Amino acid sequence: MTPKIVAPAQPSDTVTAIEEAARDLLAEGGLEALSMRGVAARVGVSATAIYNYFENKQALVKRVVSQGFERFTGYLRGAIVDLPVGSAERLKALGEAYIRFALENREYFRVIFASHAETPQDIEELPEGGGYELFRQTVVDAMEAGTIREADPDLVVLYLWTHVHGLVTLLLTCEPDARCEHTGKRLSAPELFTRFSEFVLYGLRPEGVSRAETGSVAAS
């Protein structure tokens, strides 16, 4: 039986409890698992009482998702604030912050990257832009500084984002690091990301083999 949250005495505490209950239900079962009655049962108030704070279910979902993205972008901005613009360290720090956010805020991570609409939203419609513009500007700065090669920045952002998101999703589901103990110790999520970053920056070509040679081999 799911334990109930004790009904708080202050309205602000009640709102927080409602938001946290909604977040957890969304993380556990997605949009279909969320109902005002289910939230009320966890908080320990009546379902009608929730409408004193949120107009409807959609408003509650929007608030929870916004909170998740605000926290997410806070992690990202905090990670790079003291690092040189255009540096590889700045790109790496964003990836590490992405992983930290996911592992330290698992419910919010599942909520903000789950589907809450019938069709996928445009990135600009997401709260805080989903962190996309921050990623993109960091990539553009790195290109202008000569840290990474020139390319379509949006394509590079999508490539880097899918890399780190895929790693995080896998880490939340199982423990692949158990297969990577070649150094005699289990690698943590940040350590795995650091190892993978070398492949991202330099590719999988054997040392001494040019890009043109790799292309001819792939085409054969």
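The values are calculated or read from the model by the stated rules, or taken from the named source; none is laboratory data. Model, not experiment: these values are computed from the prediction. Cβ coordinates were reconstructed from backbone atoms using ideal geometry, including for glycine residues, and neighbour counts include every protein chain displayed.
The table below lists the values:
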quantity	calculated
Options 43, 64: the member that is surrounded by 14 or more Cβ atoms within 10 Å (Cβ to Cβ), under 16 Å from residue 113 (Cα atoms) and either without any contact (Cβ under 8 Å) to a residue 60 or more places away in the chain or not assigned by TED's automatic domain parsing to the domain that holds residue 173 (or both)	64
Test set (1) on the phi < 0 side of the Ramachandran plot; (2) at pLDDT below 95; (3) surrounded by 13 or more Cβ atoms within 10 Å (Cβ to Cβ) - residue 11 fails condition number	(3)
The stretch 46-61 - residue that is outside any helix (DSSP H, G or I) and either of a type in the set (Phe, Trp, Tyr) or crowded, with 17+ Cβ neighbours inside 10 Å (or both) and, of those, farthest from the chain's Cα centre (by Cα)	51
Some residue of the stretch 172-184 being under 16 Å from the mean Cα position of the chain (by Cα) and either assigned by TED's automatic domain parsing to the domain that holds residue 26 or modelled with pLDDT of 90 or more (or both)	no
